[in-house]
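To keep things clear, I will list the structure first and then write my remarks on it.
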Amino acid sequence: MSEESGPEQGLPEYAERVLEVAELIPPGRVMTYGDVAEWLEEGGPRQVGRVMALYGGAVPWWRVVRSDGVLLPGHELRAIAHYRAEGTPLREASRAAQGHVPRLDMRRARWDGTAAVHDAAGGGADRPQAPEAHI
């Protein structure tokens with residue numbers, strides 16, 4: 001019998017925290033997997049990616065992204081629909097790009113979380129500062 005927590009045993013505490021951050025990201029903005037880990041001061045991009053893969057369907061998963069702006073393989077069309085509906089900045093793909101799938105414009109779409117820190121923590125005193133956009 002495994003010691004790991006599964007969905008039937010409740011959400012692991014780290015997963016809950018990752019999903020809470022994903023829910024804070026405003027429409028039209030994104031944070032990278034690494035940004036979320038830095039915000040939480042725990043784990044890293046792979047751990048955040050694993051949480052999103054296992055449990056992210058109930059939150060705005062399209063707002064937690066790869067740092068290069070490449071859309072999640074296999075979910076590009078669903079993600080693009082969300083990005084366009086929310087006005088998320090995209091960089092249109094060149095005609096030479098396979099499938100002509102756009103990328104996120106990370107310089108414009110990346111969110112540092114400062115407004116959520118202020119709003120969620122009554123001035124930001126109880127939450128760590130969000131990572132700054134490192135482009």
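The values are calculated or read from the model by the stated rules, or taken from the named source; none is laboratory data. All values derive from a computational prediction rather than experimental measurement. Here Cβ is always computed from backbone atoms with ideal geometry, including for glycine, and neighbour counts include all displayed protein chains. What goes into the accessible areas is simple: the full protein's heavy atoms, side chains included, and nothing from ligands, DNA or RNA. Shrake-Rupley method; radii C 1.70, N 1.55, O 1.52, S 1.80 Å.
Hey, among the residues in the range 37-67 that are part of a helix (DSSP H, G or I) and basic (Lys, Arg), which one's nearest to Ala79 (Cα to Cα)? For the range 37-67, the residue satisfying everything is Arg63. Does any residue of the range 69-76 turn out to be assigned to a helix (DSSP H, G or I), modelled with pLDDT of 80 or more and open to solvent by 60 Å² or more (accessible area, probe 1.4 Å)? No, the range 69-76 contains no residue that is assigned to a helix (DSSP H, G or I), modelled with pLDDT of 80 or more and open to solvent by 60 Å² or more (accessible area, probe 1.4 Å). Taken over the range 28-42, the criterion of being more than 13 Å from Met52 (Cβ to Cβ) and open to solvent by 40 Å² or more (accessible area, probe 1.4 Å) is satisfied by Arg29, Glu38, Glu41, Glu42.
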